[in-house]
1. Under the condition of being under 23 Å from the mean Cα position of the chain (by Cα) and outside any helix (DSSP H, G or I), which residue from the stretch 191-219 is surrounded by the most Cβ atoms within 10 Å (Cβ to Cβ)?
2. Which of the residues belonging to the stretch 228-248 are part of a loop (DSSP other than H, G, I, E, B) and either without any contact (Cβ under 8 Å) to a residue 60 or more places away in the chain or touching a Phe, Trp or Tyr at 6+ places or on another chain (Cβ under 7 Å) (or both)?
3. If the Cβ limit is 7 Å and pairs must be 6+ apart or interchain, which residue in the stretch 332-348 that is closer than 13 Å to Tyr299 by Cα and touching a residue at least 40 places away in the same chain (Cβ under 8 Å) pairs with which residue that is basic (Lys, Arg) and surrounded by 15 or more Cβ atoms within 10 Å (Cβ to Cβ)?
4. Inspect the stretch 1-17 for any residue being within 26 Å of the chain's Cα centre (by Cα), without any contact (Cβ under 8 Å) to a residue 40 or more places away in the chain and assigned by TED's automatic domain parsing to the domain that holds Pro105 and give the result as yes or no.
5. Scan the stretch 54-84 for residues that are of a type in the set (S, T, N, Q), over 30 Å from Ala28 (Cβ atoms) and in contact (Cβ under 8 Å) with a residue 40 or more places away in the chain and jot them down.
6. Just one of Leu212, Leu262 is in contact with a strand residue (DSSP E or B) (Cβ under 7 Å, 6 or more places away or on another chain) and in contact (Cβ under 8 Å) with a residue 24 or more places away in the chain; which is it?
7. Identify all residues within the stretch 296-321 that are part of a loop (DSSP other than H, G, I, E, B) and either among the β-branched types (Val, Ile, Thr) or modelled with pLDDT of 90 or more (or both); write none if there are none.
8. Can you tell me which of Leu112, Leu141 is farther than 25 Å from Asp31 by Cβ and crowded, with 17+ Cβ neighbours inside 10 Å?
Amino acid sequence: MEPAIPDGIDDIDDDWLSQAMGSSVRIADIDDIGTGVGMIGAIYRATLEGDGPDTVVIKMPGLDETARFTAQILRLNIREVGFYRELAAESPIRVPHCHFGAVDPETHQFVLVLEDVGSYRAVSQIEGMGRADAEQAVDELAAWHAHWWGAAGPIVERGTAMAIHDPIYPMLLPPVFSDGWAKVRSAMSVPRSVETVADGWVEALPEMLGSLATTPSTLVHGDYRADNMFFDDDGRVVLLDFQVIGQSMPVGDLAYFVTGSLAPATASEIEQPLYERWMQALAAEGVPESETGGMWDTYRGAVLFCVCYAMIAGAGMDLTDERQRGLLAATFERFERAADELSLPDLL
């Protein structure tokens, strides 16, 4: 019998965690590792004694009411628990082992007990990823896309992912984007080209969603960026956070990764080579080249769509916090580069 889903971290004790992990453990300490890093959920590291790993990561709903509402309306918790329970074993990218995962489909209360991969090498998203790591990340992203190429529909039907054409997106994104944009522009300086794109974003949303909803489609990660990955001892990606897995044209993941995880100078140098590398890797994985041609314009539109991530994140950020503000500032510098070099205002 599975243990009940706890209401909060204070409900997790030795007995609960032992039952969840299937072995006798004692909690020596619990540290909050999610506060101040822009997480929608609450993240903790538990240090253990007994018959198990030295540490595990525990993920639960966040305390912020806006974050909880967003998680519920977009089924974020249901998607992530579903990924670990149904899809993680077949992921071509390494993901943390899930010791236990459960979600209440009515209340969206959830808990995940995960392998702690925090000892592996991380790359600061604010500083940006270097070329070698970016190439490795793109190769593995192509393997992910190829694995579920044309096969995301049944995953959506089970409720474990959401399609980009789901009616919730055109209903929810405009007001959330507008609220975030109003908050951000009043709190910090934003490059002029990003202002231009942001001011026209809501009006352009239907066309962007329509473009990403066309075929070919696959299972997309939806949040593929430096802060959601580590590199293991063999240099391979260990991927985190599966709250926004969905069905979409795959090029959106690549656009978000390049725009969000590379410093402007690096992106200027290797954006086109990374796009070509991704295309070649898809072909090497068996994806027909006839299904991947002509995606560059869709890539540009996907970069434009990705502006929403910064605004939605900004709506829930504490912009007096140095790291959160720094992450947003770095994001805008990267979108400024993309807006200029990819002529994004021409798409509005």
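The values are calculated or read from the model by the stated rules, or taken from the named source; none is laboratory data. Quick caveat: nothing in here was measured; it's all calculated off a predicted structure. Cβ placement follows ideal geometry from the backbone for every residue including glycine, while neighbour counts extend to all protein chains displayed.
1. As a first pass, look at the stretch 191-219 and keep what is under 23 Å from the mean Cα position of the chain (by Cα): 194, 197-198, 201-202, 204-219.
Cutting the leftovers down to outside any helix (DSSP H, G or I) gives us 213-219.
Values: Ala213: 16, Thr214: 12, Thr215: 8, Pro216: 17, Ser217: 24, Thr218: 22, Leu219: 27.
Filtering first and then ranking leaves Leu219.
2. Scanning the stretch 228-248 gives Asp232, Asp234, Phe242, Ile245.
3. Every condition considered, the pairs that remain are Leu342/Arg300; Leu344/Arg300; Leu347/Arg300.
4. no
5. Of everything in the stretch 54-84, those that are of a type in the set (S, T, N, Q), over 30 Å from Ala28 (Cβ atoms) and in contact (Cβ under 8 Å) with a residue 40 or more places away in the chain turn out to be Thr66, Thr70.
6. Numbers: Leu262 fails: in contact with a strand residue (DSSP E or B) (Cβ under 7 Å, 6 or more places away or on another chain).
Just one listed residue meets the conditions, Leu212.
7. Taking the stretch 296-321 first, the residues part of a loop (DSSP other than H, G, I, E, B) are 306, 317-321.
Passing the criteria: Cys306, Thr320.
8. Values: Leu112 fails: farther than 25 Å from Asp31 by Cβ.
Only one candidate passes the filter, namely Leu141.
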